[in-house]
């Protein structure tokens, strides 16, 4: 039967009958003689199915398995590989993501799954020694934080440029090249390379100075945490320097970040 004011071409009894044999909302719509690709039609069918409290857990949509099969597979599985095997689908990244997403949507408990390794206690996660060989990768983030904390907006270039950062200052936008030196050299000095290799295929090509018209500032981070900010005009034409000879440009200390450094 229909409801008061209904303009449907199908009845509640029709909906109850087709729901049992269909595996998707589009299939239900088609079985009722409706256009299965219409979002409005699908919403109407779902609304009436919800009103009638009809079960749709056997629906698979574009999947080869249903929510009810997933509900049955998860409690007895020990890992996601078991779940996918029980569902009869290939174990790959896309299928795992899809199955996990549906499991979360259904609120299924997966806490009993055995992981590939025992998670480290929270207090051990960051207990490893600081790796100074990673300083070159961390330095741009240090520079961004340093400038931001001084009220300067920082941007990264969209495409590779000779500069690493663009910094907005009261004196205009400054182009900043970030350099690092992880350890002292054999003579006990902090020898910082401030040159670049030309854009050629030969990786053994000699380094050359940066064009002073393309770089405004050098932001230098040493392995002991000291930070230098040196104008390009001071270093123009050079490809290496000893940081100790520029004490007037020492602007900060990030040594707390490097505590526990190996070596």
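Observations
- Pairs are defined by a Cβ separation below 7 Å, a sequence spacing of at least 6 or placement on different chains, a first member in segment 84-102 that is more than 14 Å from residue 67 (Cα to Cα), and a second member that is assigned to a helix (DSSP H, G or I) and modelled with pLDDT of 85 or more; the pairs so defined are 91/81; 91/84; 95/84; 96/80; 96/84.
- Selection within segment 172-184 - farther than 19 Å from residue 255 by Cα and in contact with a strand residue (DSSP E or B) (Cβ under 7 Å, 6 or more places away or on another chain): 173, 174, 175, 176, 177
- Qualifying positions in segment 170-195 - more than 21 Å from residue 142 (Cα to Cα) and either in contact (Cβ under 8 Å) with a residue 60 or more places away in the chain or surrounded by 14 or more Cβ atoms within 10 Å (Cβ to Cβ) (or both): 189
- Filtered residues of segment 213-224 (kept if closer than 19 Å to residue 176 by Cβ and either surrounded by 14 or more Cβ atoms within 10 Å (Cβ to Cβ) or within 34 Å of the chain's Cα centre (by Cα) (or both)): 214, 215, 216, 217, 218, 219, 220, 221, 222
- Filter result (surrounded by fewer than 16 Cβ atoms within 10 Å (Cβ to Cβ), in contact with a strand residue (DSSP E or B) (Cβ under 9 Å, 6 or more places away or on another chain) and either outside the structural domain of residue 149 (by TED's automatic domain parsing) or not in a strand (DSSP E or B) (or both)) within segment 225-246: 234, 239
- Of all the listed residues (47, 43), the sole one being under 25 Å from residue 20 (Cβ atoms), at pLDDT 85 or above and over 25 Å from the mean Cα position of the chain (by Cα) is 47.
- Residue match in segment 250-262 (condition: part of a helix (DSSP H, G or I) and in contact (Cβ under 8 Å) with a residue 40 or more places away in the chain): yes
The values are calculated or read from the model by the stated rules, or taken from the named source; none is laboratory data. Model, not experiment: these values are computed from the prediction. Using ideal geometry, Cβ is built from the backbone for each residue, glycine included, and neighbour counts are taken over all protein chains shown.
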